[in-house]
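Below: the structure, in structure tokens.
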Amino acid sequence: MNPDAKIIAAFQESSEAYLSLAKLESVTGVPRTSIASRLQLLTDHGYVFEQHPHHGYRLVEEPDRLTADAIQAVYSGGKVGSQILVFESTSSTSDVIARHASRARDGLVVFAETQTRGRGRQGRSWVSPRGKGLWFSILLRPTGGVAQAQQLTVSASVAVAHVLREEAKVDARIKWPNDIVCGSRKLAGILTEYRDTAAILGIGIDVNLNKDDFPAELQTTATSLLIETGRVHDRNRLAGRLLAALDQHYTTMARNFETVIDQWAGLSVTLGQQVKIRQGDQLREGLAQALDVQGRLILRKDNGQVEYLVGGEVTGG
Ligand code: BTN
């Protein structure tokens, strides 16, 4: 963790109202001679501190801007998040990862405050209004190569649903293949793409969008944490929690994917349902029975035939 992230974490984790320079030095290991200038720099970035002549400093406001420091104050990093970059604007965070894929470190995460050409599944675009959501992509090189693509996406959807449930207290569930939904509305989406042996895991989460931030055609089918809970959510904190959970599930996936399948099943709104699944111009109908060990959906058709599906769109129950 860099010094600024340590200072932010010290304030966030402290139960005391004020922290003196001596206390900040002992908690963070940052020399007290440089703490005042670091606080000034953080102030320039939108943090507001209150200074008390005897007791020290108190953090009273944090900026609603994503920064690597603020994310690292929550999650100091593992394999996922070995490096974190935050862009003001980019075409797609997955494009940035793709450009760096051959030389970047495994676990690189790229966030953007807005995307001008965000991509969704099935060739759709992904609406990414500035400062309202979490739009990010992760570079991973799973040991099983491209064959693990589906496992990776399944693990990521479990991690995302868990964190949204815990942090925002919403009833986030997984609609096959990997939409995160609240009731019948979509809250987040995942798009895994491949560049040589590298997986690019792209995740979009509608955090603080109002109804009007969605285009008219999505207003009845999409939702956000703000819409669901009536309050604005701290995106840096959420980002840190998400990266921690994604890291944890990535490790579990490699050791024991069955555990991840069980968690997925517990969160799924699709399993056990009679479903219609569209794949291009093909429509399949049957019982969504389970996920197999590769993360494919086992669809039992009415004639008893079984199919193993990787992608598609559930069009009706
Ligand atoms: C879906 O359609 O459900 C998948 C949406 C994935 C959106 C994310 S936002 C970050 C990353 N960059 C993109 O262009 N797409 C993914």
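The values are calculated or read from the model by the stated rules, or taken from the named source; none is laboratory data. Keep in mind that what you see is a predicted model, and the values were worked out from it rather than measured. Every residue, glycine among them, receives a Cβ derived from its backbone with ideal geometry; neighbour counts consider all protein chains shown. Each accessible area value is taken on the protein alone, full model and side chains, heavy atoms only, with ligands, DNA and RNA left out. Shrake-Rupley method; radii C 1.70, N 1.55, O 1.52, S 1.80 Å.
See the values below:
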read-out	value
Dipole moment magnitude, nearest 20 debye, segment 158-215 about Cα centre, only Lys, Arg, Asp, Glu C-beta charged	220
Label point distance in nm, E13-R195, each placed 7 Å from Cα along Cα→Cβ	3.4
Size of segment 77-136 as Cα extents on the principal axes (Å, biggest first)	29, 23, 16
Distance between segment 188-241 and segment 1-41 - C-alpha centres, whole angstrom	32
Paramagnetic label zone (point 7 Å from Cα along Cα-to-C-beta, N2; backbone N under 12 Å) in segment 22-62	42
For the chain, with +1 on Lys and Arg beta carbons and -1 on Asp and Glu, the positive-most of V158, I261, Y57 along the dipole	I261
Fluctuation leader among V48, V127, V207 - the chain, Gaussian network, Cα springs under 10 angstrom	V48
Karplus-derived HN-Hα couplings along segment 237-245 (A = 6.51, B = -1.76, C = 1.60, θ = phi - 60°), whole Hz, x at Gly and Pro	5, 4, 4, x, 5, 5, 5, 4, 5
For segment 89-173, convex hull of alpha carbons as volume per residue, Å³	124
Segment 256-304, accessible area per residue, ligands and nucleic acids excluded (1.4 Å, Å²)	52
Centre separation in Å (Cα based) which lies between segment 112-126 and segment 128-149	13
Percent accessible area from carbon and sulfur atoms, the chain, protein chains only, probe 1.4 Å	47
Total charge dipole magnitude, the chain, about the Cα centre, Cβ charges on Lys, Arg, Asp, Glu only, Debye to nearest 20	480
Where the Cα pairs of segment 198-317 fall when distances are cut into 10 Å bins, in %	11, 29, 34, 24, 3
Unit charges at the beta carbon, dipole of the chain: most positive-side option, A199, S14, H45	A199
Gain upon complete extension [S89, L287; 0.36 nm per residue less C-alpha separation]	67.0 nm
Coarse-grained scattering of segment 24-80 at q = 0.21 Å⁻¹, given as base-10 log I(q)/I(0) from a Debye sum over alpha-carbon atoms	-0.97
Radius of gyration, Dmax [the chain; alpha carbons; angstrom]	21.1, 78
Alpha carbon Rg of segment 144-247, scaled by the compact-globule rule 2.2 N^0.38 Å	1.09
Point-to-point label distance, K276-S82, nm (Cα→Cβ direction, 7 Å offset)	4.6
At 0.890 mPa s and 25 °C, Stokes D of segment 1-113 from Kirkwood alpha-carbon radius, µm² per second	159
Per residue accessible area of segment 36-177, 1.4 Å probe, in Å²	44
Sorted peptide list for 101-111, 153-163, criterion being average Cβ within 10 angstrom, highest first	153-163, 101-111
Too-long pairs where the Cα-Cα distance tops 32 Å, listed order kept, from K211/K276; K6/K211; K79/K211; K169/K276; K79/K169; K6/K186	K6/K211; K79/K211; K6/K186
Stokes-Einstein diffusion coefficient of segment 1-56, Kirkwood radius over Cα pairs, 4 °C, 1.567 mPa s, in µm²/s	114
Highest-first arrangement of 230-239, 89-98, where packing means the average Cβ count within 10 Å	89-98, 230-239
